[in-house]
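One structure is given here, and the rest of the page talks about it.
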Amino acid sequence: MIIERKTTQALAGLAVCLLLAGTVTLAAEGDTVDLNRAGVEELSTLPGVGPVIAGRIVNYREEQGRFGRIEDLLNVRGIGEKKFLQLRDRVSVQEPEEAVSQGSPDQ
């Protein structure tokens, strides 16, 4: 019993240290994850998305090109309508950095 408690406390302490060190990041409530920029680690922070589905999202993006809209997630194996409904408010599709950084042609 004492060993279990100490193990649990040690694991909790390790989790806090990892979060504070920045090696594990969790998206804050209201933040969205960009489907065109996120890697497996960041995608895995989404509800119902583990490393396997996160890897499929990245593979889909590499094989098919950029996500044009969030509904394209439905083309990823393992993401059905139910999971998509959980994710739709947590993901986004941002413009490429080149287009954003260039600004208007008048500048």
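The values are calculated or read from the model by the stated rules, or taken from the named source; none is laboratory data. This is a predicted model, so every value here is computed, not measured. No Cβ is skipped: glycine too gets one built from the backbone with ideal geometry, and neighbour counts run over all protein chains shown.
Before moving on, here are some points about what is shown:
- Leading residue by the ranking (surrounded by the most Cβ atoms within 10 Å (Cβ to Cβ)) among those in the stretch 88-107 that are out of contact with any helix residue (DSSP H, G or I) (no Cβ under 8 Å at 6 or more places or on another chain) and modelled with pLDDT of 95 or more: ARG90
- Residues that are outside any loop (DSSP other than H, G, I, E, B) and touching a Lys or Arg at 6+ places or on another chain (Cβ under 8 Å) are absent from the stretch 37-48.
- Selection within the stretch 55-87: residues that are within 15 Å of THR32 (Cα to Cα) and hydrophobic (A, V, I, L, M, F, W, C). The member of this set that is surrounded by the fewest Cβ atoms within 10 Å (Cβ to Cβ) is LEU85.
- GLU29 falls short on exactly one of the conditions (1) modelled with pLDDT of 95 or more; (2) loosely packed, with under 11 Cβ neighbours inside 10 Å, and that condition is (1).
- Condition broken by GLY22, with the remaining ones in (1) modelled with pLDDT under 95; (2) touching a helix residue (DSSP H, G or I) at 6+ places or on another chain (Cβ under 6 Å) satisfied: (2)
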